[in-house]
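Single-structure report; data block below.
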Amino acid sequence: TRLDRAYCRVDREKLRATLRARSRDAGVSAVEADVLVSPGGPRWCANVVDGVTHDAAGSTLATSAGDVRATVIVDATGFESRLTSRRGPDVGDAIPPPGYQVAYGFEALVRDLGPYDAGAMLLFDYRTDHLQDDEQRAPPTFMYAMPLGEQDGLKRVFFEETSLVARPAVTLAECERRAFLRLAHVGVEVVEVCSDEPPELCYIPMGGPRPDGGQRVVAYGAAAALVHPATGYQLCR
């Protein structure tokens, strides 16, 4: 199926620089420090909140750079946050371990794209005929192929092999192996992996315990288990 719509790949470093510049222009100040919390415990479901104290006027965050006062603490430190208190398995059903989205991506120069369209972004090549029979029953992965134009008489393409979600996780090494195996099977010869662009390594936990609704720390994003396999396609304005 071909969709007549534009597709783009966001430059992560430029996006980060743009957002930080907007924050500075709006008067947001940044404190580079570590939150002082106790080590130990299962990180993915930790209930370690001793780095935060609350009182009637607000909250205090203990950091390596000194205490930071705030009216409200918003925790956007990711899935393995140690600031947010989690709901335990005594609340409703037992909580299964998280699944993981894993991907290995790279830019390469190729002579020909084989069955892939040099003028379109390929999504979700889930074919498994490049794998052995026993491997075809393993958790699946799929290929992206995004043509980026011509370079030195060759085609520059971003390839990525992705496990949408699996429990336990498909390894990065396995995604890398499957990517090159798939390309060789469909007749795409990788002349050179582009050294001027680092590989894209994706390892995103999915699911896990939800935040305790009675706490004063407000979790956001992955810290609040607000992660879905489709959210990687969304960039809101």
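The values are calculated or read from the model by the stated rules, or taken from the named source; none is laboratory data. Everything quoted here is computed from the prediction, not taken from an experiment. Methodologically, a virtual Cβ is constructed for each residue, glycine included, from the backbone with ideal geometry; neighbour enumeration extends over all protein chains shown. Accessible surface is based on the protein model in full, side chains and every heavy atom, while ligands, DNA and RNA are left aside. Shrake-Rupley method; radii C 1.70, N 1.55, O 1.52, S 1.80 Å.
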(request) Using a 1.4 Å probe over the heavy atoms of the protein chains, calculate the carbon and sulfur portion of the accessible area of the stretch 67-178 as a whole percent. (result) 52 percent
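When the expected Rg is taken as 2.2 N^0.38 Å, what fraction or multiple of it is the alpha-carbon Rg of the chain?
Working: Rg = 21.9 Å, N = 237, 2.2 N^0.38 = 17.6 Å.
Taking N as the residue count of the chain, the ratio is 1.24.
Using only the Cα atoms of the stretch 137-237, build the gyration tensor, take square roots of its eigenvalues as a ≥ b ≥ c, and label the shape rounded, prolate or oblate: rounded if a/c is under 1.5, else prolate if a/b is larger than b/c, else oblate. Walk me through the numbers on the way to the answer.
Details: a/c = 3.30, a/b = 1.95, b/c = 1.69.
Since a/c reaches 1.5 and a/b is larger than b/c, the shape of the stretch 137-237 is classed as prolate.
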(message) Just to make sure I understand: if all protein chains stay in place, what is the order of E189, E161 by accessible area at 1.4 Å, largest first?
(response) E189, E161
(request) Just name one of L19, A219, A118: the one whose Cα is farthest towards the positive end of the charge dipole of the chain (beta-carbon charges, Lys/Arg +1, Asp/Glu -1). (result) A219
(message) At a threshold of 8 angstrom on Cα-Cα distance, excluding pairs fewer than six apart, so keeping six or more, what relative contact order does the chain reach in percent?
(response) 24 percent
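Taking the Cα centre of the chain as the origin, how large is its charge dipole in debye, to the nearest 20, when only Lys and Arg (+1) and Asp and Glu (-1) carry charge on their Cβ atoms? Display every interim value, and only then the final one.
Numbers: 26 positive and 33 negative charges, 166 e Å.
Taking the Cα centre of the chain as origin, the dipole is about 800 debye.
What number comes out for accessible area per residue over the chain if the probe is 1.4 Å? Units Å², please.
Details: 14850 Å² over 237 residues.
Result: 63 Å² of accessible area for each residue.
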